[in-house]
Structure formats: C-alpha cells, structure tokens
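As structure tokens, the structure follows; a few thoughts come after it.
The values are calculated or read from the model by the stated rules, or taken from the named source; none is laboratory data. This structure is a prediction, so every number in the text was calculated from the model and none was measured. A quick note on method: Cβ atoms are made from the backbone with ideal geometry, for glycine too, and the neighbour counts reach across all protein chains shown.
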Amino acid sequence: MGRLLAIDYGSKRCGIAVTDEMQIIASGLTTVETKKLIPFLKTYCKDESVDLFLIGLPKQMNNELSESEPLILKFIELLKKQIPLIPIERVDERFTSKMAFQTMIDSGLKKKQRQNKALVDEISATLILQSYLHNK
C-alpha cells in the first residue's frame, strides 16, 4: 500500500502532507515553492510509493469555486501529464486556513511562529488529508 499525498495549492507556495504506508496517520511533510512543485513531486514519487494525490478544492461560503480554481486546474493538467499513473481526487478545503491558524494557537505557538505562512500551508494540507481519511 502506498501513501496518500495532499496538496494545499497556492500561487506562491504549496503545503504538502502525506500518510504513512498504512494510510492511517496524516502528517505535514513540507512546504514547496509552487514553481518547484512538479520536480519535488516527481522526486518524492520515485523515492516513495504514492497511491493518490489529493488536491484542495477551494470553495466559498456560497459553494461557488474561489478565484484560485483556474490556477489549480492548470496545475492538475500539468500534474496528469508529468505523473500520469497516480490518480487525483479533490477535497473541499473550506476553512482549512482558519483551522490551521486555530491549530497553531491551540498548540501554543507564539505570535511570530503563527505568522509563518509556510507552516499554515503545511497544516492546511494536513487538514485536507485528515478530512479525506475521515470521510473515506
């Protein structure tokens, strides 16, 4: 069994989270500059067995897609071409950034640490992955 890999896609950087090989535990992996994301994923998939990519689906409160969706769709098309053997699923990512920030507060991180947007992205990816695992 391979890992599940979740991506919180952003125009500047992307948070990445993965499961263990048994697909039970979701853990933050890293944050990668968006322009370096495909090379990172290709390398990661050579080193680790990945069964599925999970990519956040950004919806607004009224259930409409956010303005970042066209960028994400463009990335997905590129990902399908570059790593065609790994399927892709979308996961509603509403509230993940707010939940990530609250998680940082709850875990006792200082204000300066909570301003680390890369950490917020990584935690958001972990929340996307946990949501998928919970609803699986």
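Filter the range 65-80 down to the residues that are without any contact (Cβ under 8 Å) to a residue 40 or more places away in the chain and either closer than 24 Å to Thr19 by Cα or surrounded by 13 or more Cβ atoms within 10 Å (Cβ to Cβ) (or both) and list them by number.
If we filter the range 65-80 for residues that are without any contact (Cβ under 8 Å) to a residue 40 or more places away in the chain, which is where we start, we get 65-67, 69-70, 73-74, 76-77, 80.
The answer is Leu65, Ser66, Glu69, Leu73, Ile76, Glu77, Lys80.
If you go through the range 48-64 one residue at a time, do you hit one that is of a type in the set (Lys, Arg), in contact (Cβ under 8 Å) with a residue 24 or more places away in the chain, in contact with a Lys or Arg (Cβ under 6 Å, 6 or more places away or on another chain) and not in a strand (DSSP E or B)? Let's see the steps before the verdict.
Keep residues of the range 48-64 that are of a type in the set (Lys, Arg), which gives 59.
Still in the running and in contact (Cβ under 8 Å) with a residue 24 or more places away in the chain: 59.
Right, trim to in contact with a Lys or Arg (Cβ under 6 Å, 6 or more places away or on another chain) and you get 59.
Of the ones still in play, those that are also not in a strand (DSSP E or B) are none.
Within the range 48-64, not a single residue is of a type in the set (Lys, Arg), in contact (Cβ under 8 Å) with a residue 24 or more places away in the chain, in contact with a Lys or Arg (Cβ under 6 Å, 6 or more places away or on another chain) and not in a strand (DSSP E or B).
Quick one: which residue in Ile72, Ile25 is within 16 Å of Asp8 (Cβ to Cβ) and under 15 Å from the mean Cα position of the chain (by Cα)?
After ruling out the rest, the residue left standing is Ile72.
Tally up the residues in the range 4-47 that are touching a helix residue (DSSP H, G or I) at 6+ places or on another chain (Cβ under 8 Å), touching a residue at least 40 places away in the same chain (Cβ under 8 Å) and hydrophobic (A, V, I, L, M, F, W, C), please.
Matching residues across the range 4-47 total 13.
Which one is farthest from Leu133 (Cα to Cα) among residues in the range 56-76 that are at pLDDT below 95 and in contact with a Pro (Cβ under 9 Å, 6 or more places away or on another chain)?
This residue is Glu67.
Of all residues in the range 1-32, how many are buried (at least 16 other Cβ atoms within 10 Å of the Cβ) and assigned to a loop (DSSP other than H, G, I, E, B)?
Qualifying residue count for the region: 3.
This table checks each residue for (1) of a type in the set (D, E, K, R); (2) out of contact with any strand residue (DSSP E or B) (no Cβ under 6 Å at 6 or more places or on another chain); (3) at pLDDT 95 or above.
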residue: Pro39; (1), (2), (3): no, yes, yes
residue: Ser49; (1), (2), (3): no, yes, yes
residue: Leu54; (1), (2), (3): no, no, yes
residue: Leu78; (1), (2), (3): no, yes, yes
residue: Gln82; (1), (2), (3): no, yes, yes
residue: Val91; (1), (2), (3): no, no, no
